[in-house]
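Heads up: the structure comes next, in structure tokens.
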Amino acid sequence: SMLPLEVCPWSNVLLGVYSEEHHPIGKLIAAGLNVVIASDDPGIFGKSLIDNYLFAAARGVPRDTLTALAAQSLTLRRR
């Protein structure tokens, strides 16, 4: 299986890695990478896991894709 890529869109934006408009979340998913959407330090950044999913949805990631990513993230195992 492919190594998962944990993506925390809001922390990327709030840390200045990407702007909201240019975050590559949609491109990463469209490229077929094993993306896991996560929330990096919600207490610090003030953004929950659902906020990060909503970020992806607002950038055109279809709901069925987001649902599949969420389900897939529950099956990942650490080695």
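The values are calculated or read from the model by the stated rules, or taken from the named source; none is laboratory data. In this text, all values refer to a predicted model and were calculated from it rather than measured experimentally. Virtual Cβ from ideal backbone geometry, glycine too; neighbours counted across all protein chains shown. Keep in mind that these areas ignore ligands, DNA and RNA; they rest on the heavy atoms of the full protein, side chains included. Shrake-Rupley method; radii C 1.70, N 1.55, O 1.52, S 1.80 Å.
Contact annotation: residue pairs with Cβ atoms under 6 Å, 6 or more positions apart or on different chains, pairing a residue in region 11-27 that is free of Cβ contacts under 8 Å to residues at least 24 places away in the same chain and within 18 Å of LEU66 (Cβ to Cβ) with a partner that is of a type in the set (Phe, Trp, Tyr) and open to solvent by 90 Å² or more (accessible area, probe 1.4 Å), are ASN12/TYR18. Determine if region 15-34 includes at least one residue that is surrounded by 15 or more Cβ atoms within 10 Å (Cβ to Cβ) and aromatic (Phe, Trp, Tyr). Within region 15-34, none of the residues are surrounded by 15 or more Cβ atoms within 10 Å (Cβ to Cβ) and aromatic (Phe, Trp, Tyr). Evaluating GLN72 against the criteria (1) over 16 Å from ASN12 (Cα atoms); (2) open to solvent by 40 Å² or more (accessible area, probe 1.4 Å); (3) modelled with pLDDT of 95 or more leaves one unmet condition, (3).
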